[in-house]
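One structure is given below, encoded as structure tokens.
Coordinate-derived values only; no laboratory data. None of these values were measured; they are calculated from a predicted model. Cβ placement follows ideal geometry from the backbone for every residue including glycine, while neighbour counts extend to all protein chains displayed.
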Amino acid sequence: MSTVNVEIADRILVATIDRPEKLNALNTEVLDGLEAAFERAKTDASVGAVIVTGAGPKAFIAGADIAELSTMTPVSGRRHALRGQAVFARLESLGKPSIAAINGFALGGGCELALACTMRIAAENARLGQPEVKLGILPGYGGSQRLARIVGEGRAMELCLTGEPITAAEAYRIGLVNRVVPAGEALSAARELAGKILANAPLAVAFTMDAIHNGLDLPLEDGLELEATLFGVCASTADMREGMAAFLEKRPPRFEGK
Ligand code: COA
């Protein structure tokens, strides 16, 4: 049985890391499974959104597999980090929204995978953190970069330098997660959020993600230029004509992603 289960329903691909006896720790097999799932999400036109979650009530992902990490050399360690970064970057650059349904511990690589998602929903029992310094390493799957971009430098420093996990409520307070839901409801809340996004014009959704995500790394002037260009491109889509016609005719739109 695979350690990453993939199910597609209602245009949502749900990738579930299924290694609960090891708190869904990310080993090579899990990374391979995630890579395959993200590739499928990219190439399958019927998939409009992705949800990543963990099997069992306790963990989203309790980090990279420490048994595997313990044998690394400088060369294999660098390769290991680059591999994980590449898999997470594949998710981030899908052009389709992704949501982390954080059902429990999201530590180390688990927190980093959540950071690579477009949005994060945490169950109230979840604990999030970057405990790598307790093991003599630093985050290697993008955590030292994405965390500061999402919660700011000071808070990223505190999380990464103390290695202490925070509660879902604290993660919400600092903007690390979009919302907190009762235990056991992260996946259903993520499906509901994905459904709201999927009701909108697919190209407009993709362009919006492009403008916000890529604009963040640009000077404001260039980001505004990107926004204006994408705004103009929207005018070439059938979805824009449909969306506006539907509003004027007081009926729901039927978007086709064209
Ligand atoms: N890598 C490998 N195995 C892991 C793991 C990880 N990141 N996290 C948990 N496991 C394994 C444990 O070794 C244990 O396996 P065992 O039953 O064969 O001994 C099993 O998962 C259950 O974990 P356990 O520690 O017994 O659960 P707990 O409820 O007492 O503690 C945590 C939960 C999350 C606090 C604890 O497992 C932990 O600190 N994990 C490591 C977190 C971490 O440092 N992640 C970053 C890695 S870079």
Q | Stretchable slack from Leu224 to Arg173, in nm (0.36 nm times residue separation minus alpha-carbon distance) | A | 15.5 nm
**Q.** the chain - percent relative contact order, Cα under 8 Å, separation 6 or more
**A.** 15 percent
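Taking 8 Å as the Cα distance limit and 6 or more residues as the minimum spacing, I'd like the relative contact order of the range 58-208 as a percentage. It would help to have the intermediate numbers written out before the result.
Working: 260 pairs, mean separation 37.6, N = 151.
RCO, the range 58-208: 25 percent.
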**Q.** DSSP bridge orientation in the chain - percent antiparallel, rounded to nearest 5
**A.** 25 percent
Q. By a straight-distance test (C-alpha under 30 Å), which lysines pair with Lys96 as possible cross-link partners, with residues fewer than eight away in the same chain excluded?
A. Lys22, Lys42, Lys58, Lys196, Lys250, Lys258
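Length gain on complete extension for the stretch Lys58 to Asn200, per 0.36 nm per residue less the alpha carbon to alpha carbon distance?
On the way: separation 142, 0.36 × 142 = 51.12 nm, distance 3.34 nm.
The Lys58-Asn200 span can extend by a further 47.8 nm.
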Q. Given labels modelled 7 Å from the Cα in the Cβ direction, how far is it in nm from Val133 to Ala45?
A. 5.0 nm
Q. In the range 202-220, which residues have a backbone nitrogen under 18 Å from the label point lying 7 Å from Met240's Cα in the Cα-to-Cβ direction?
A. 202-212
Q: List Cys111, Cys160 from most exposed to least, where exposure is judged by having the fewest other Cβ atoms within 10 Å.
A: Cys160, Cys111
Q) Given the C-alpha centroids of the range 182-258 and the range 58-115, what is the distance between them in whole angstrom? A) 27 Å
Q) So what's the angle, to the nearest 10 degrees on a 0 to 90 scale, between helix 28-43 and the longest Cα principal axis of the chain? A) 0 degrees
Q: Would you mind checking the tilt of helix 202-215 against the longest principal axis of the Cα atoms of the chain, expressed as 0 to 90 degrees and rounded to 10?
A: 50 degrees
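Nearest 500 deg cm²/dmol is fine: what mean residue ellipticity at 222 nm does the chain get from its DSSP H runs of n ≥ 4 alone, each adding -39,500 (n - 2.57), divided by its residue count? Spell out each step's value before the answer.
Working: 11 runs with 125 residues, N = 258.
It comes out at -15000 deg cm²/dmol, rounded to the nearest 500.
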Q: Let me know the shape class of the range 1-144, please: from the alpha-carbon gyration tensor, a ≥ b ≥ c as square roots of the eigenvalues, rounded when a/c is under 1.5, otherwise prolate if a/b is greater than b/c, or oblate.
A: prolate
**Q.** Full-stretch length increase - Met119, Ala67 - with 0.36 nm per residue and alpha-carbon distance subtracted
**A.** 15.8 nm
Q: Pop the C-beta distance of Ser144 and Glu7 into the FRET formula with R0 = 51 Å and round what comes out to the nearest 0.05.
A: 0.95
Q: Enter the angle in degrees (range 0 to 90, nearest 10) between the Cα long axis of helix 74-92 and the first principal axis of the Cα atoms of the chain, meaning the one along which they spread out most.
A: 30 degrees
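Which net charge results for the neighbourhood of Val233, defined as the other residues with beta-carbon distances under 12 angstrom from its beta-carbon, given Lys and Arg at +1 and Asp and Glu at -1? Kindly include the intermediate steps, with their values, before the conclusion.
On the way: positive: none; negative: Asp210, Glu227, Asp239.
Net local charge, Val233 excluded: -3.
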Q. Under a Cβ-Cβ cut-off of 15 Å, what is the net charge of the residues other than Ala36 that fall near it, where Lys and Arg count +1 and Asp and Glu count -1?
A. -3
